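Asker: Below: one structure in structure tokens.
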Amino acid sequence: MKKIWILNHHSGLEGDRHYELAGEMAASGMEVVVFMSSFDHQTEEYIYDKPAAIRRLKKGLSYVWLHTAPAYHGNGAARILNMIDYCRLMKKYEQKFYEKFGAPDAVIGSSVHPFAWESAYRIAKRNRAPFICEIRDFWPLSFIEMYGWSRFHPVCLLFSVLERRAYRRADAIVTSMEFGYRYLEKFPYVKRDRVYWIPNGYHTEEIDHVLAEGKITLPEELGKYLENNWCAVYTGSFVDSECLPDILDVAEYMQEQGMDEVKFAIIGDGHLRSRMEARAERDGLRNVRIFSRIEKSQVALALSKAKVCIAALKDDRALNDLGLSLNKLNDYLYSGNPTVFACNSANVVEESGGGIVVPCSDRKAYAEALMRIYHMPEEERLAMGERGQREIRRRYSYSLLAGQYTEILERAEKERS
């Protein structure tokens, strides 16, 4: 394997799955190119105005930002058109990409959306290279389970056709969900030995270096709040899937019950931010502070200063039972602090013993878990955190996962020859 192309509409830079995996592959001598959209799904703004902006980020790793259109808000028709435009631009500039980077030896098409699979397969076929179908979201299953869409909805029918085509065509299927094979087994043409699990990982060595170096600082207001209080910390996007209203419910319950020892630091950004701030003010939540998004390296520092990390998921059992691969849990568990996680499915917090898992949307159980950790002897609290940290180092290090991914690519290439 010399040249790898990764098609991921919603990729990112530092901390992103493909940035970290590609960086490790590049360090081993490969040339990796990641193709993404220049329209940022979180900020809903364009990063670049050029039709195709190219940057070489480090030796062996380049990124291409495609100016997909139209701009969109939410999950309506405009977002679907933006996805389709990604395929159009990949085809339009394909020859220029060959001239710039050379032909790929393997092509990875990564969902969120299945149109990336179409482009990846076309490029792989043209170059007689292995096509790897990577699944980070099962669509249309996510539409059906999360949004209650009928499987006969036009978008679901279209995505169902695309997923079946991708599974038939793939030389290998990689999923970030540990039990994703259970869903894939219902397709008779998918062989179990072609399905691999590569979770979202964590750059353990880099985080160790950042914290040991001590050069990273936090915004002053956030730093003081964490230093002066016993804090339960959330970091991440302010979006519906993160169940942030449930966390505010817990904070409200604890304030009502006089559980004033625990304070909540909610750090991030997203379309729910203004609604979160309005509710905290309306309900007089004196135990909650909402802080702006911070950089990835600052997240590690903020979590190291927390006493407990907090997260919650909706009870989407049909999806969650296929396995969870949440970047947030990697951050949390590696911090060395316990995590309280509201989830009704198997998860790494429970498996590692690195925290306490409570039922979804049960604010009393969540509050009791936080108070249990608050009253723990310090050595017991730290021992719980160390169990989670050990699990991330053992199974989720990006250097380890990149090696496993390379073996999958090499096996796919060997089977084609």
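The values are calculated or read from the model by the stated rules, or taken from the named source; none is laboratory data. All values derive from a computational prediction rather than experimental measurement. So basically every Cβ, Gly included, is an ideal-geometry build from the backbone, and we count neighbours across all protein chains shown. The accessibility values were calculated without ligands, DNA or RNA, using every heavy atom of the protein model including side chains. Shrake-Rupley method; radii C 1.70, N 1.55, O 1.52, S 1.80 Å.
Asker: Quick one: pull the percent of accessible area on the chain belonging to carbon and sulfur, 1.4 Å probe, ligands and nucleic acids left out.
Answerer: Solvent-exposed carbon and sulfur of the chain make up 48 percent of the total.
Asker: If each of Ser28 and Arg88 carries a label point 7 Å out from its Cα toward its Cβ, how far apart are those two points in nm?
Answerer: The modelled label-to-label distance comes out at 3.8 nm.
Asker: Follow-up. In segment 138-177, which trypsin sites (Lys or Arg not before Pro) fall in coil by DSSP and have 15 or fewer other Cβ atoms within 10 Å?
Answerer: Taking segment 138-177 and a limit of 15 other Cβ atoms within 10 Å, the loop trypsin sites (Lys or Arg not before Pro) found are Arg151.
Asker: Can you work out the base-10 log of I(q)/I(0) for segment 178-291 at q = 0.10, 0.15, 0.23 1/Å, using the Debye formula on its C-alpha atoms alone?
Answerer: Cα-only, vacuum Debye calculation for segment 178-291: -0.50, -0.83, -1.26.
Asker: Over the chain, what relative contact order in percent results from Cα pairs under 8 Å that are six or more residues apart?
Answerer: Computed value for the chain: 14 percent relative contact order.
Asker: Something else now. Given bins 10 angstrom wide, list per bin the percent of all Cα-Cα distances in the chain, short to long.
Answerer: Taking all Cα pairs of the chain, the binned fractions are 4, 21, 31, 26, 13, 4, 0 percent.
Asker: What residues have an amide H closer than 5 Å to that of Leu61, excluding those fewer than 5 places away on the same chain, when H is modeled at 1.01 Å from N in the peptide plane?
Answerer: Val32
Asker: Apply 1/(1 + (r/R0)^6) to the Cβ-Cβ distance of Ser417 and Glu220, taking R0 = 56 Å, and write down the FRET efficiency to the nearest 0.05.
Answerer: Result of the calculation: an efficiency of 0.45.
Asker: Moving on to the next point. Give the cross-link partners of Lys125 among the lysines, using a straight C-alpha distance below 23 Å as the criterion and excluding same-chain residues fewer than 8 apart.
Answerer: Counting by Cα, and skipping residues close in sequence, Lys125 has these lysines nearby: Lys2, Lys3, Lys91, Lys92, Lys96, Lys100, Lys191, Lys414.
Asker: Setting aside same-chain residues fewer than 8 positions from Lys50, which aspartates and glutamates have a Cα under 19 Å from its Cα?
Answerer: Within the straight-line limit of under 19 Å, Lys50 reaches these aspartates and glutamates: Asp40, Asp85, Glu94, Glu99.
Asker: Here's something else I'd like to know. Once you sort the root eigenvalues of the Cα gyration tensor of segment 255-398 as a ≥ b ≥ c, which label holds: rounded (a/c under 1.5), prolate (a/b larger than b/c) or oblate (the other case)?
Answerer: rounded
Asker: Note the full-extension length gain between Phe101 and Arg393 as 0.36 nm times their separation in residues minus their Cα-Cα distance, in nm to one decimal.
Answerer: 101.7 nm
Asker: What is the gain in length, in nm to one decimal, between Glu295 and Glu213 on full extension, counting 0.36 nm per residue of separation less the C-alpha to C-alpha distance?
Answerer: Length gained, Glu295 through Glu213: 27.9 nm.
Asker: For segment 4-100, report the accessible area per residue in Å² (1.4 Å probe, heavy atoms, rounded to an integer).
Answerer: 44 Å²
Asker: Pull up all non-local amide H partners of Thr68: gap of 5 or more, or a different chain, and H-to-H distance under 5 Å with H placed in the peptide plane.
Answerer: Under 5 Å from the amide H of Thr68: Ser38, Phe39.
Asker: Name the lysines eligible as straight-distance cross-link partners of Lys215: C-alpha to C-alpha under 18 Å, and not fewer than 8 places from it in the same chain.
Answerer: Partners found: Lys224, Lys296, Lys305.
Asker: Still on this structure: Just the Cα atoms of segment 101-247, one point each, no solvent: what log10 I(q)/I(0) does Debye give at q = 0.09, 0.12, 0.20 Å⁻¹?
Answerer: So the normalised log intensities work out to -0.46, -0.72, -1.22.
Asker: Mind checking the angle between helix 115-126 and the chain's longest principal axis? C-alpha axes, 0 to 90 degrees, to the nearest 10.
Answerer: On a 0 to 90 degree scale, this one is about 30.
Asker: So, one more: Only sites in a loop by DSSP and with at most 16 other Cβ atoms within 10 Å count here; which chymotrypsin sites (Phe, Trp or Tyr not before Pro) in segment 26-117 make the cut?
Answerer: Passing both the DSSP loop test and the Cβ count: Tyr48.
Asker: Got the relative contact order for segment 6-148 handy, in percent, Cα pairs under 8 Å and 6 or more residues apart?
Answerer: 20 percent
Asker: Calculate the FRET efficiency for Glu277 and Tyr48 from the Cβ-Cβ distance with a Förster distance of 41 Å, rounded to the nearest 0.05.
Answerer: It comes out at approximately 0.85.
Asker: Now a separate question. For n ≥ 4 DSSP H runs only, could you compute -39500 (n - 2.57) per run for the chain, divide by its residues and tell me the 222 nm figure to the nearest 500?
Answerer: Rounded to the nearest 500, the figure is -13500 deg cm²/dmol.
Asker: Please compute the per residue accessible area over segment 309-387 with all protein chains in place, 1.4 Å probe, rounded to a whole number of Å².
Answerer: Per residue, segment 309-387 has 37 Å² of solvent-accessible surface.
Asker: Provide the FRET efficiency to the nearest 0.05 for the Glu227-His153 pair, computing r from the beta carbons and using R0 = 56 Å.
Answerer: About 0.65, to the nearest 0.05.
Asker: Could I have the simple spin-label model distance between Glu379 and Glu205, label points 7 Å from Cα toward Cβ, reported in nm to one decimal?
Answerer: Placing both labels 7 Å beyond Cα along the Cβ direction yields 3.4 nm.
Asker: Read phi for every residue in segment 390-398 and hand back ³J(HN,Hα) as whole Hz from Karplus 6.51 cos²θ - 1.76 cosθ + 1.60, θ = phi - 60°, with x for Gly and Pro.
Answerer: Couplings: 5, 5, 5, 5, 6, 10, 10, 5, 5 Hz.
Asker: Looking at the chain, what % of its DSSP beta bridges pair antiparallel, to the nearest 5?
Answerer: About 15 percent, rounded to the nearest 5.
Asker: Could you give me the ³J(HN,Hα) list for segment 261-273, computed from phi with Karplus coefficients 6.51, -1.76, 1.60 and θ = phi - 60°, whole Hz, x at Gly and Pro?
Answerer: 5, 9, 10, 10, 10, 10, 10, x, 7, x, 5, 8, 4
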